[in-house]
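For reference, the structure is listed below as structure tokens.
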Amino acid sequence: MQRTHCTVCTVCCAAVYPNDNHFTLTFFHFLFTGYGHAAPSTDGGKVFCMFYALLGIPLTLVMFQSLGERINTLVKYLLHRLKKCLGFRRTEVSMANMVSIGFISCMSTLCIGAAAFSRYEDWSFFHAYYYCFITLTTIGFGDYVALQKDHALQNNPKYVAFSFIYILTGLTVIGAFLNLVVLRFMTMNAEDERRDAEQRALLSRNGQAGSGSGMAAHFHYIPDPPSSSSAASGLGTACGGGGGGPAGGGGGAGRGLRNVYAEVLHFQSMCSCLWYKSREKLQYSIPMIIPRDLSTSDTYVEQGETFSAQPLTSNGCVCSLRHPSAVSSVSTGLHSLVPAYPGHSKRRCSI
Amino acid sequence: MKRQNVRTLSLIVCTFTYLLVGAAVFDALESDYEMREKEQLEAEEKRLQGKYNISEDDYRKLETIIMEAEPHRAGVQWKFAGSFYFAITVITTIGYGHAAPGTDAGKAFCMFYAVLGIPLTLVMFQSLGERMNTFVKYLLKRIKKCCGMRITEVSMENMVTVGFFSCIGTLCIGAAAFSHYEDWSFFQSYYYCFITLTTIGFGDFVALQKNRALQRKPLYVAFSFMYILVGLTVIGAFLNLVVLRFLTMNSEDERRDAEERASLAGNRAGSLAVHIQDEMLQRGGRRRREAHVQHHALGRLRGAFSNQNSYSSQLSPHQQYFHSVAYRIEEISPSTLKNSYLPSPISSVSPGLHSFTDNHQLMKRRKSV
């Protein structure tokens with residue numbers, strides 16, 4: 001979290017200021033009114049503080065997110081094992097599980113801190129909770145600041161250590177929760193933009209490539225392997241990643257061109273299959289994402305002549321493996337192109 | 001050890017080292033000054049106490065009164081304008097603390113307000129920042145075209161440079177404005193803008209606290225709010241450009257590992273890939289190396305294809321497989337394909353590959369960093 005540096009920096013500042021005088025600290029604390037209870041007074045200190053923050057904030061952001069992701073993975077693994085041990089039928093860890101656990105850990109972190117600080121700082125439980133909340137969200141008003149009473153910074157090293165560890169651990173827990181819940185939204189625009197760019201690129205490429213009508217003939221060059229049908233069937237249910245495609249751009253002249261586009265759409269239907277599959281996993285995720293994706297995949301499902309007659313399978317997959325044509329042997333090459341879609345052209349499938 | 005674990009551990013070590021270094025430097029820079037200030041204050045305190053014959057208790061009371069009067073002297077903090085200012089400091093996590101809720105109800109509401117407001121603001125600034133970056137990229141491209149440059153592609157360096165200069169520009173504009181309105185030196189204003197826009201928000205310098213500005217100078221108030229929000233957008237855009245990718249690195253690696261594991265688990269013999277593989281191996285010994293690479297990758301394709309019934313549990317192995325095949329095909333590259341054994345069908349397909357080359361960067365394991 002980019003604001004973690006606020007707390008870290010101020011905690012660090014508190015540690016290094018040789019605070020042998022309670023008076024100085026409280027005076028400075030109120031003067032400076034903020035968790036900037038200690039803020040650099042000298043110009044040199046200010047300059048260094050700015051450079052320090054310039055490097056430190058992104059470093060801390062990335063560190064907490066990294067650590068948070070590791071924690072989430074560990075929790076997911078533990079939960080999975082727990083479910084197995086308890087003999088659950090479904091041992092998959094859903095998003096809802098993760099979010100509830102994350103939320104409960106955040107609340108307990110706040111409560112533990114509230115209990116500790118209310119005891120050490122003589123605050124009420126509510127005020128201590130408020131302090132922990134304002135600290136761990138890195139807002140840091142400074143109306144309540146720990147380690148400011150009774151020369152705690154000098155006289156009570158264990159409490160000092162506890163405070164530092166609490167702040168850093170608490171920030172990690174909050175960071176893990178943010179990593180779980182919020183981070184995906186921060187990259188949404190960029191992913192959509194990337195997908196749009198790919199679509200435009202593919203449209204323009206296919207437009208160029210489609211100028212020759214002899215393309216279909218080329219595709220028959222590679223001998224049709226007998227296994228292609230099984231492969232195609234595998235492909236059919238394989239379902240790469242979903243995404244909009246140049247469905248509209250396939251109009252082109254001639255059967256050959258249509259074959260090409262049919263194939264491309266076929267792969268994109270695989271993408272939609274995968275999308276449908278991922279939808280199963282999405283059932284716990286935020287519903288607002290889904291309708292948009294549905295419409296995206298629906299549009300080219302309609303336009304794809306190859307699967308117009310295909311009924312939905314039980315898992316909603318509309319893929320068919322119909323043509324064990326020469327194209328499918330080429331399709332292995334094309335399949336390699338498909339992944340560009342699944343990873344990045346899907347609109348947020350794998351939430 | 002897994003890549004993600006190594007990365008996380010190194011980051012932790014780096015951060016702690018950075019903390020220690022910072023502590024040492026701040027100590028060296030500030031502690032002398034602090035000692036001198038403390039001595040001066042104590043001397044003043046003694047002088048005042050002696051001059052007016054104030055008892056210790058009374059003096060402490062005076063101190064408290066003076067300190068608590070500070071925000072009131074700065075203006076009315078909780079009318080609408082002041083509350084708006086406060087709300088900004090909460091959801092952007094700047095948190096000056098120049099005004100903090102005094103009532104318990106205020107504190108409780110502040111917490112709920114922050115729980116919803118902070119993620120909303122985070123996502124909003126990143127979203128807006130990404131839009132800005134896209135717009136800037138488009139403008140740069142047009143400028144490059146107009147200037148008749150050969151390469152009209154906007155590189156990452158271009159974007160980073162432009163982003164960096166916009167940040168510096170924003171800080172300087174703010175510094176000039178606030179130094180004029182608040183009677184701070186340019187350096188102090190710059191420091192204020194920096195601490196505000198990085199959302200540290202010490203509160204040692206706070207705008208709109210002089211001469212009852214919150215009530216008397218609506219234009220200046222509006223400017224301050226706009227400046228903070230626009231400045232945060234510019235900084236957010238720069239962060240979106242430079243830092244955001246690192247925040248998702250671990251998750252992407254983890255996803256890739258999971259896919260790899262899944263696809264390896266489902267690796268069984270299939271015959272499709274053999275054909276392609278044979279085609280490739282037959283033609284041209286000098287392509288053998290690439291063919292081997294493809295063979296290896298296609299082996300996984302084989303496995304993936306044969307696993308028809310277990311796809312529901314293997315959501316993304318194909319992704320991973322596809323990623324890896326795509327990676328390999330990139331190595332072979334369309335140009336080599338063109339003059340390779342594979343006839344035109346592939347080369348007519350290869351133009352499509354071009355559109356995915358930039359995706360390969362994402363599919364490849366994070367070489368860049």
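The values are calculated or read from the model by the stated rules, or taken from the named source; none is laboratory data. These numbers were taken from a predicted model, which means no experiment stands behind them. Neighbour counts run over all protein chains shown; Cβ positions are idealised from the backbone, glycine included.
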Filtering segment A:136-174 down to residues that are in contact with a Leu (Cβ under 7 Å, 6 or more places away or on another chain) and in a helix (DSSP H, G or I) yields A:LEU136, A:LEU153, A:VAL160, A:SER163, A:GLY170, A:LEU171, A:THR172, A:ILE174
Considering residues that are of a type in the set (Asp, Glu) and more than 19 Å from A:MET63 (Cβ to Cβ), the number found within segment B:204-254 is 1
- Does any residue of segment B:168-183 turn out to be assigned to a helix (DSSP H, G or I) and touching a residue at least 60 places away in the same chain (Cβ under 8 Å)? yes
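Do any helices (runs of 4 or more DSSP H) entirely within segment B:212-311 hold 2 or more residues that are within 9 Å of another protein chain (Cβ to nearest Cβ) and at pLDDT below 80, and if so, which?
Qualifying helices (runs of 4 or more DSSP H): B:272-282, B:288-306.
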Restricted to segment B:133-175 and to residues being within 16 Å of A:ARG194 (Cα to Cα) and polar (S, T, N, Q), the residue farthest from the chain's Cα centre (by Cα) is B:SER155
Regarding A:SER124, is this residue farther than 23 Å from B:THR8 by Cα and at pLDDT 90 or above?
yes
Considering residues that are buried (at least 19 other Cβ atoms within 10 Å of the Cβ) and either among the polar types (S, T, N, Q) or more than 27 Å from the chain's Cα centre (by Cα) (or both), the number found within segment A:164-173 is 1
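Rundown of residues vs (1) touching a Lys or Arg at 6+ places or on another chain (Cβ under 8 Å); (2) within 13 Å of chain B (Cβ to nearest Cβ); (3) within 23 Å of B:PHE202 (Cα to Cα); (4) of a type outside the set (Gly, Ala, Ser), yes/no style:
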{"site": "A:PRO58", "(1), (2), (3), (4)": "no, yes, yes, yes"}
{"site": "A:ILE101", "(1), (2), (3), (4)": "no, no, no, yes"}
{"site": "A:GLU121", "(1), (2), (3), (4)": "yes, no, yes, yes"}
{"site": "A:LEU136", "(1), (2), (3), (4)": "no, yes, yes, yes"}
Cβ pairs under 7 Å, 6+ apart or interchain, first in segment B:1-26 and polar (S, T, N, Q), second surrounded by 13 or more Cβ atoms within 10 Å (Cβ to Cβ) and at pLDDT 90 or above, ordered by first then second residue, are B:GLN4/A:ARG70; B:ASN5/A:ARG70; B:THR8/A:SER66; B:THR8/A:LEU67; B:THR8/A:ARG70; B:THR15/A:LEU59; B:THR15/A:THR60; B:THR15/A:MET63
Considering segment B:67-94, residues that are within 22 Å of B:TYR220 (Cβ to Cβ) and facing chain A (nearest Cβ under 8 Å), and then whichever is nearest to the chain's Cα centre (by Cα), we arrive at B:ILE94
For segment A:95-106, pairs from a residue that is more than 10 Å from A:PHE177 (Cα to Cα) to a residue that is part of a helix (DSSP H, G or I), with Cβ under 8 Å and 6 or more apart or across chains, are A:ASN97/A:LEU79
(Q) Looking at segment B:96-115, can you tell me whether even one residue there is at pLDDT 90 or above, in a helix (DSSP H, G or I) and away from chain A (no Cβ under 14 Å)? (A) no
Residue pairs within 8 Å by beta carbon, gap of at least six or interchain, first lying in segment B:82-103 and without any contact (Cβ under 8 Å) to a residue 12 or more places away in the chain, second crowded, with 23+ Cβ neighbours inside 10 Å and of a type in the set (Val, Ile, Thr), listed first then second, are none
From the option list A:ALA116, A:ALA161, A:ALA176, single residue qualifying as surrounded by fewer than 22 Cβ atoms within 10 Å (Cβ to Cβ) and touching a helix residue (DSSP H, G or I) at 6+ places or on another chain (Cβ under 9 Å) is A:ALA116
